[in-house]
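Participant: My questions all concern the structure below.
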Amino acid sequence: MKAIAVFPNEKKVKLIDVPEPKIESPTQVKLKILDVGICGTDREICEFKYGAPPEGSDFLILGHESLGQVIEIGSGVTDLKVGDLVVTMVRRPCPHKYCMACQAGRQDFCYTGDFKERGINGIHGFMTEYVVDDQKYMLHVPANLKDIGILTEPLTIAEKAVREIYTIQKRLPWGGADMDKYHAIVIGAGPVGLLAALVCVIRGFDVTVYSLESENTSRAKIATILGAHYVSAQTSDITQLGKSISGNIDVIFDGSGASKLSFEMFPLLGYNGVFVWTGIPGRKESIDINAGTIMRDIVLKNQDIVGSVNAGHEDFQGAIQHLNTLSAKMNLLPPGLIKRYSVEQYAELLLKPPAPDIFKSVISFAKA
């Protein structure tokens, strides 16, 4: 079967042929992969900045954002049936029994860092025709979400981060009962940023997306259709952004990984506010920050900072639920929200910068 793999020692990315996997235990499920999403992590792996093949292999099959269809089930599978659409979780638990997180099935909070991730670190990914995995890592996607089901995994990043905001705000004497009146800024109009805006809007937040793209781009239009305000960094600096929002800024959500911009945004965070990082900055030069001012505000304004990575089972469930909200708006969104490419076009997607007018690029194995 076809697979797209990175060969770190050769510094090459290739379309290869590998054996088709087989079910080997009662709770395993075999999938025909339909779609695999492309994100910055995939491109970093293809630049050989990150990622590791499975032990004993000289290559890593790429892909961690997936949508597949069940074609075979093991004798012990009870949650899925042939024909079901599914998304598969990315991270697998570490082997250490003292890691409470992984032992509890919450490897997204792993204490050791010895976890593995499909298509990223230590396990082959989904950028291939067929995949076998255990049913406990798979979640059913309703058939009506087939066209946008590939957005589930990036949406889980926002789901987990927003859920953590709710958990943190329970620290307040009133338990965060006013959160449906929150003002939030989302940094970045990429897929994670815009999906974070969607989740925050659904939660009742007044959301402003701040990004480099001008107001007449498709991403800016998507933000407004999703119910958020959009402010372009081309026309408004950070001070002007702050003045455009009336009231306490309760949440700043970074979906960009732009470290300099994130730290410059800190003065906008209001009393009892939460700053969430989900974007991971590239390995760039160090930046200068006003650490004293940031520390003072964190203390005097009762602010919290949280980093959030990966997602748990409930976050995948929440993402699938909220995809229904997105589905209802699809006819309003710009055409080409998700652009699908053939397997043979992998180099165009993985080895070149992403097209600025495309929300999510996808390699489609549906007809492979």
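The values are calculated or read from the model by the stated rules, or taken from the named source; none is laboratory data. Nothing here was measured: the structure is a model prediction, and the numbers come from that model. Neighbour counts are summed over all protein chains in view; Cβ atoms, including those assigned to glycine, are modelled from backbone coordinates with ideal geometry.
Participant: If we only count strands (runs of 3 or more DSSP E) wholly inside segment 276-368, which ones have 3 or more residues that are within 27 Å of ALA258 (Cβ to Cβ) and touching a residue at least 60 places away in the same chain (Cβ under 8 Å)?
Facilitator: It comes to 360-364.
Participant: Given the criterion free of Cβ contacts under 8 Å to residues at least 24 places away in the same chain and under 13 Å from GLN135 (Cα atoms), identify the matching residue among VAL82, VAL29, VAL70, VAL86.
Facilitator: VAL82
Participant: Can you tell me which of ILE338, ILE363, ILE305, ILE320 is farther than 30 Å from GLY105 by Cα and β-branched (Val, Ile, Thr)?
Facilitator: ILE338
Participant: How many residues does segment 202-216 contain that are of a type outside the set (D, E, K, R) and either touching a Phe, Trp or Tyr at 6+ places or on another chain (Cβ under 7 Å) or surrounded by 19 or more Cβ atoms within 10 Å (Cβ to Cβ) (or both)?
Facilitator: Final tally of qualifying residues: 6.
Participant: Considering only segment 259-278, state which residues are closer than 16 Å to ALA189 by Cα and surrounded by fewer than 21 Cβ atoms within 10 Å (Cβ to Cβ).
Facilitator: SER259, LEU261, SER262, MET265
Participant: Does VAL192 qualify as being surrounded by 17 or more Cβ atoms within 10 Å (Cβ to Cβ), free of Cβ contacts under 8 Å to residues at least 40 places away in the same chain and not polar (S, T, N, Q)?
Facilitator: Judged against the criteria, VAL192 is not a match.
Per-residue answers, yes or no, for (1) more than 21 Å from ILE168 (Cβ to Cβ); (2) at pLDDT 95 or above:
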{"residue": "ASP237", "(1), (2)": "yes, yes"}
{"residue": "GLU314", "(1), (2)": "no, yes"}
{"residue": "LEU333", "(1), (2)": "yes, no"}
{"residue": "GLY336", "(1), (2)": "yes, no"}
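Participant: Moving on. Please specify each residue of segment 219-238 satisfying the condition of being free of Cβ contacts under 8 Å to residues at least 12 places away in the same chain and either of a type in the set (Asp, Glu) or under 21 Å from ILE305 (Cα atoms) (or both).
Facilitator: ASP237
Participant: Sticking with this one: Would you check if LEU194 is touching a Lys or Arg at 6+ places or on another chain (Cβ under 9 Å) and aliphatic (A, V, I, L, M)?
Facilitator: yes
Participant: With at pLDDT below 95 and of a type in the set (A, V, I, L, M, F, W, C) as the only criterion, which of ALA177, ALA101, ALA158 stands out?
Facilitator: ALA177
Participant: Going through LYS32, LYS2 one at a time, which residue ends up being more than 25 Å from HIS140 (Cβ to Cβ) and not hydroxyl-bearing (Ser, Thr, Tyr)?
Facilitator: LYS2
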